[in-house]
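Accompanying notes for the structure given below.
Values quoted throughout were computed directly from the atomic coordinates according to the rules given, and no laboratory measurement underlies them. In this text, all values refer to a predicted model and were calculated from it rather than measured experimentally. Ideal geometry is used to build each Cβ from the backbone, glycine not excepted, and the neighbour counts take in all protein chains shown.
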Amino acid sequence: MKPMLIGGEWVTTSHGVENINPSDISDVVDIYAQAGRAETQQAIAAAQAAAPQWALSGPQERHDILHRAGDEILARKQELGELLAREEGKVLPEAIAEVQRAGQIFLFFAAEALRQRGEIVASVRPGVGVEVTREPVGVVGIIAPWNFPIAIPAWKIAPALCYGNAVVFKPAELVPGSAWALADILHRAGVPAGVFNLVIGAGSVVGQTMLDDERIDAITFTGSQATGARVASASLPFMRKIQLEMGGKNPLVVLDDADLDLAVQCAVDGAFFSTGQRCTASSRLVVTQGIHDRFVSAVAERLASLRVGHALDAATHIGPVADAAQLAQDLDYIAIARSQGAHLRQGGELVRRETEGYFLSPALLTETLPAMRINCEEVFGPVASVIRVRDYEEALFVANDTEFGLSAGICTTSLKYANDFKRKSQAGMVMVNLPTAGVDYHVPFGGRKASSHGSREQGSHAAEFFTIVKTAYTAA
Ligand code: NAD
């Protein structure tokens with residue numbers, strides 16, 4: 001049984017939970033010790049005790065630890081990618097790419113540790129000096145989802161440590177393996193005892209204990225809207241700093257003047273790769289009428305050629321859905337869409353393979369209307385719907401007509417429409433002639449409206465969340 005990391009010690013409990021491979025449910029990846037309230041509180045106490053010393057650590061120490069961790073992640077990307085593909089189900093090349101991204105994020109924040117600077121500002125009062133500096137927040141709670149088992153933890157843990165905070169990290173129930181590997185790497189990279197703690201267990205127990213504990217000064221959360229709302233309401237009484245990244249219903253607009261092949265590639269990649277289980281997935285394809293039929297035929301044809309199967313099989317393009325509950329939800333949404341008048345043009349069927357897994361062929365729904373549930377609620381699976389529109393103006397309206405605002409894309413050869421869309425899209429990230437999913441690791445990531453709350457993650461903008469600004473005045 002794999003233990004947790006609390007106060008620099010590997011700690012085990014009497015209760016362990018199996019980590020099941022969604023490509024082959026007879027394959028148990030490993031068994032992971034489960035934390036209860038007591039272990040979670042111990043981890044918080046360890047972080048609180050370690051935080052002051054770590055806050056005073058120098059940039060070289062933080063740089064060296066983060067650099068060692070990044071180097072090891074990159075050196076082991078094949079092995080860690082296999083673990084990730086096995087526990088989460090994305091295909092091996094995508095899993096390796098995710099591990100690589102995690103390594104690059106650690107190296108980025110290793111360098112950021114050396115670039116921490118403040119400002120000296122002229123005071124409006126003669127003889128007074130003003131310094132504006134950033135200080136660590138203290139103890140940061142990190143609560144992560146299952147769909148990016150190593151990249152999302154990396155983009156929260158690396159900046160938290162870079163800016164001098166102590167961490168209590170709770171991974172999602174489905175993916176303790178990548179989290180454990182990351183904790184092992186950080187421990188051996190030399191993170192001082194208590195500065196980084198890993199607690200594995202149920203959201204309702206471990207996560208809730210973190211929310212209820214006022215010793216946690218800030219929580220960075222990625223996951224569903226419902227849990228995000230809990231994080232917000234539990235944090236308000238403590239005036240705790242929060243950062244929430246939640247769902248999406250991301251539109252990809254395809255205009256009559258688009259390059260058809262490129263638009264199909266953007267749609268198929270954005271909507272279906274990583275089994276559509278990306279918060280930035282293009283779940284709404286908003287297509288103008290002149291290109292609609294050609295676009296739908298070409299996407300359907302491309303989907304029919306993709307093989308769904310075991311994530312570690314080199315012939316597989318799309319891996320399984322993450323678990324039985326997620327599969328049931330995907331099938332449910334397809335049924336709801338059909339009952340509301342949508343046409344299931346392609347896929348949406350259970351697929352049998354040699355191993356028993358949660359295989360679903362990528363589903364394309366056509367003739368859908370903006371008000372249908374399939375276009376309003378996040379499915380989080382290999383399911384996309386097409387909305388036919390008259391022209392660019394209607395496409396822009398439909399793209400923005402959602403409570404979410406994470407990512408949005410447009411395929412067009414017109415500079416006029418591309419620029420107009422970049423300006424008027426109500427999403428945090430806008431893509432022109434690119435899939436809505438797939439972003440760089442060194443620039444801000446995040447959304448608007450119900451998709452996000454708080455300051456941006458990633459790149460140097462991460463400092464906003466992981467530090468507090470201090471303004472100091474000195475009379476000479
Ligand atoms: P989830 O909300 O069910 O779980 C997220 C995390 O919260 C898990 O670690 C879970 O254990 C924990 N949790 C559950 N109940 C809790 C509680 N009461 N207190 C504290 N923590 C609790 O989400 P999920 O199913 O793991 O992930 C899928 C969702 O994540 C989708 O909605 C997706 O859009 C979103 N997501 C968003 C982004 C983004 O950056 N915007 C990225 C990836 C995923």
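How much length is gained if the chain between K422 and A202 is pulled fully straight, taking 0.36 nm per residue apart and subtracting their Cα-Cα distance, in nm to one decimal? Fully extending the segment from K422 to A202 adds 75.2 nm. I'd like the FRET efficiency for A229 and A111, computed as 1/(1 + (r/R0)^6) with the beta carbon distance as r and R0 of 51 Å, rounded to 0.05. The pair A229/A111 has a calculated efficiency of 0.90. Straightening the chain between D64 and A371 buys 105.3 nm, computed as 0.36 nm per residue apart minus the Cα-Cα spacing. Rounded to 0.05, the FRET efficiency of the A38 and A325 pair, given R0 = 41 Å and the Cβ-Cβ distance, is 0.90.
Modelled spin labels at T133 and Q340, positioned 7 Å past Cα toward Cβ, are 5.4 nm from each other.
Quick one: if the Förster radius is 35 Å, what FRET efficiency do D391 and A315 give, using the C-beta to C-beta distance and rounding to 0.05? All intermediate terms of the calculation are to be shown ahead of the outcome.
On the way: r = 41 Å, r/R0 = 1.18.
Plugging the Cβ-Cβ distance into 1/(1 + (r/R0)^6) gives 0.25.
On C-alpha positions alone, give me the angle between the axis of helix 289-304 and the longest principal axis of the chain, in degrees, nearest 10. Approximately 80 degrees, to the nearest ten. With a cut-off of 13 Å between beta carbons, the residues surrounding T368 carry a summed charge of +4, where Lys and Arg count +1 and Asp and Glu -1.
Would the chain count as rounded, prolate or oblate if I go by the C-alpha gyration tensor, calling it rounded below 1.5 in a/c and otherwise prolate when a/b exceeds b/c, oblate otherwise?
Here the chain falls in the oblate category.
So for Y358, Y473, Y32, Y392, fewest C-beta neighbours within 10 Å to most, what's the order?
In order of increasing Cβ crowding within 10 Å: Y473, Y392, Y358, Y32.
Just subtract the alpha-carbon distance of E356 and T12 from 0.36 nm times their residue separation and send over the number in nm, one decimal. Working it through step by step, the gained length comes to 120.7 nm. For the pair the range 328-405 and the range 125-147, the centres of their Cα atoms are 41 angstrom apart. Mind running the shape call on the range 258-347? Use the C-alpha gyration tensor, a ≥ b ≥ c as the square roots of the eigenvalues: rounded below 1.5 for a/c, prolate if a/b tops b/c, oblate otherwise. It comes out oblate by the Cα gyration axes. All other residues whose Cβ lies under 9 angstrom from that of G201 are scored, Lys and Arg at +1 and Asp and Glu at -1, for a net of -1. In this label model, N433 and H461 are separated by 2.4 nm, measuring between points 7 Å along each Cα→Cβ vector. Helices in the chain, meaning DSSP H runs of at least 4 residues, each add -39500 (n - 2.57). Divided by all residues, the mean residue ellipticity at 222 nm is -12000 deg cm²/dmol. For the range 10-144, averaging the sequence separation of C-alpha pairs within contact (under 8 Å, six or more residues apart) and dividing by the residue count gives a relative contact order of 23 percent.
Please state the shape class of the range 1-89: rounded when a/c is under 1.5, otherwise prolate if a/b exceeds b/c and oblate if not, all from the C-alpha gyration tensor. Taking the square roots of the gyration eigenvalues as a ≥ b ≥ c, the range 1-89 is oblate. Amide H to amide H, with H built 1.01 Å from N, L365 comes under 5 Å of R345, A384, S385, V386, counting only residues 5 or more places away or on other chains. Peptides 97-103, 55-61, 383-389 ranked from most to least packed, by the mean per-residue count of other Cβ atoms within 10 Å: 383-389, 97-103, 55-61.
Within the set of other residues whose C-beta is less than 11 Å from the C-beta of A234, count the net charge using Lys and Arg as +1 and Asp and Glu as -1.
Values: positive: R230, R240; negative: D212, D213, E214.
Once positives and negatives cancel, what remains is -1.
Ranking A395, L364, A437 by Cα position along the charge dipole of the range 350-467, where only Lys, Arg, Asp and Glu carry charges on their C-beta atoms, puts A395 farthest toward the positive end.
Taking the number of Cβ atoms within 10 Å of each Cβ as an exposure proxy, the fewest-first ranking of K449, K470 is K470, K449. Below 22 Å Cα-Cα, how many Lys pairs turn up in the chain? Only count pairs eight or more apart in sequence, or on different chains, if you could. For the chain, the number of qualifying lysine pairs is 19.
Between the helical axis of 92-113 and the longest alpha-carbon principal axis of the chain there is an angle of about 30 degrees.
Exposure proxy shown here: for D24, D261, the number of other Cβ atoms within 10 Å sets the order, fewest to most, as D261, D24.
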